[in-house]
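A quick write-up on the structure given underneath.
The values are calculated or read from the model by the stated rules, or taken from the named source; none is laboratory data. The structure displayed is predicted, hence computed values, not measured ones. Cβ: placed from backbone, ideal geometry, glycine included. Neighbour counts: every protein chain shown. Just so you know, the surface numbers come from the protein's heavy atoms only, side chains and all, with ligands and any DNA or RNA stripped out. Shrake-Rupley method; radii C 1.70, N 1.55, O 1.52, S 1.80 Å.
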Amino acid sequence: MSRKRLYITVFLACLAGYIWLGVSYYFTWAGDGQWAGACPFRHLTGMPCPSCGSTGSVLSLIGGDVGAALYSNPAGLLLAAIMLIIPLWIAGDLLSSKSTFHRFYIDAEKRLAARRLAIPAILLVVANWIWNFYKYL
Amino acid sequence: MEENKVDMFIMVNGKNFESHMVPQIREKLLKADESKWSLIQSLDFKNPTMLLIISILIGYLGVDRFVIGDVGLGIGKLLTCGGLGIWTIIDWFLIMGATKEKNLQKLQQYT
């Protein structure tokens, strides 16, 4: 992926993430504080997906409750870190005309595709998914 | 490379590339060195139709993107419930083109 395309994609994804956080915060706040989320997979099949609870996790994190954030879905912490760090990283790159994030992204893709890292990562996602079944089914 | 070898390659793998790119690929392969033939023949190209099936069945988890090597986008799709299902549906239409593009990039690395 070219530098320009990557930066635009990631910027738009982060922007969509922040808009989504605002929308879900409003729904939680306007409702009774209990919101089932908008996961289409869960609404269609009744089963949670590996990422169910991520929005709740990020919202808990904003509220300062790290324990609740971890319980909702540990992937939420990763999402929160991505949404905080990457826009700043991209802005830094654009201001200084560098490509540090682009290089990091290409390198990380290569490393993650290697079996040594991919298999533990898949197992972790599956384990998290099974935990989601206990929590949200 | 010999013309019959190149034509055989195009016949077997033509469907894995954009149709408008096939004449250019043929030209490039004809100019390529004979010693690259065994390497090019052993390249594993992804089948766009298979990717479409993967995308429809488990694209929700980003598996289609992982398979073609877009690990970053795959993680993005996995972490966001397939972009709330919207990205999943968009990818049903994009994945075949993306697969063909990746196949071309792979071939270009070796020619």
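Quick rundown of the values:
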item: ³J(HN,Hα), Karplus 6.51/-1.76/1.60, whole Hz, each residue of the stretch B:22-28, x for Gly, Pro; result: 4, x, 5, 4, 4, 4, 5
item: Cα Rg, Dmax, chain A, angstrom units; result: 16.8, 48
item: Rounded to the nearest 20 debye, dipole of the protein assembly as shown from Cβ charges on Lys, Arg, Asp, Glu; result: 300
item: Shape parameters for the protein assembly as shown, alpha-carbon atoms, Rg then Dmax in Å; result: 21.2, 72
item: Average silhouette area of the stretch A:73-137, convex hull of alpha-carbon atoms, in square nanometres; result: 5.2
item: For B:N47, net neighbour charge (Lys/Arg +1, Asp/Glu -1) across residues whose Cβ lies under 11 Å away; result: +2
item: B:E2 accessible area, 1.4 Å probe, all protein chains in place, Å² to nearest 10; result: 90
item: Selection from B:I53, B:S42, B:N16 lying farthest towards where the dipole of chain B points positive, charges on Cβ; result: B:I53
item: Residue-count net charge about A:N73 - beta-carbon cut-off 13 Å; Lys, Arg +1, Asp, Glu -1; result: +2
item: The stretch B:3-110 - Kirkwood radius from inverse mean 1/r over Cα pairs (Å); result: 14.7
item: Surface accessible to a 1.4 Å probe, B:T80 within the full protein complex, Å²; result: 50
item: At least 15 Å along the helix axis (C-alpha) and Kyte average at least -0.5, DSSP helices within chain A; result: A:3-30, A:75-96, A:115-136
item: Charge tally in the Cβ shell below 15 Å around A:S99, where Lys, Arg are +1 and Asp, Glu are -1, A:S99 excluded; result: +2
item: Ranked order, A:V125, A:V66 - accessible area, probe 1.4 Å, largest first; result: A:V66, A:V125
item: Residue-by-residue Karplus 3J(HN,Hα) for the stretch B:100-111, coefficients 6.51, -1.76, 1.60, Hz, glycine and proline x; result: 5, 5, 5, 4, 5, 4, 4, 5, 5, 4, 10, 10
item: Cross-link reach list, lysines versus B:K46, counting only Cα pairs under 22 Å and skipping chain neighbours closer than eight places; result: A:K110, B:K5, B:K15, B:K28, B:K36, B:K77, B:K100, B:K102, B:K106
item: Rounded to whole Hz, the Karplus (6.51, -1.76, 1.60) HN-Hα couplings of the stretch B:36-45, x for glycine and proline; result: 7, 4, 5, 5, 5, 5, 8, 5, 9, 8
item: Between helix B:3-13 and chain B: long-axis angle, C-alpha atoms, 0 to 90°, nearest 10; result: 10
item: Residue among A:T45, A:F27, A:V125 farthest towards the positive dipole end of chain A, charges placed on Cβ; result: A:V125
item: Sequence-distant lysines (8 or more away, or on other chains) whose Cα lies within less than 16 Å of A:K98; result: A:K4
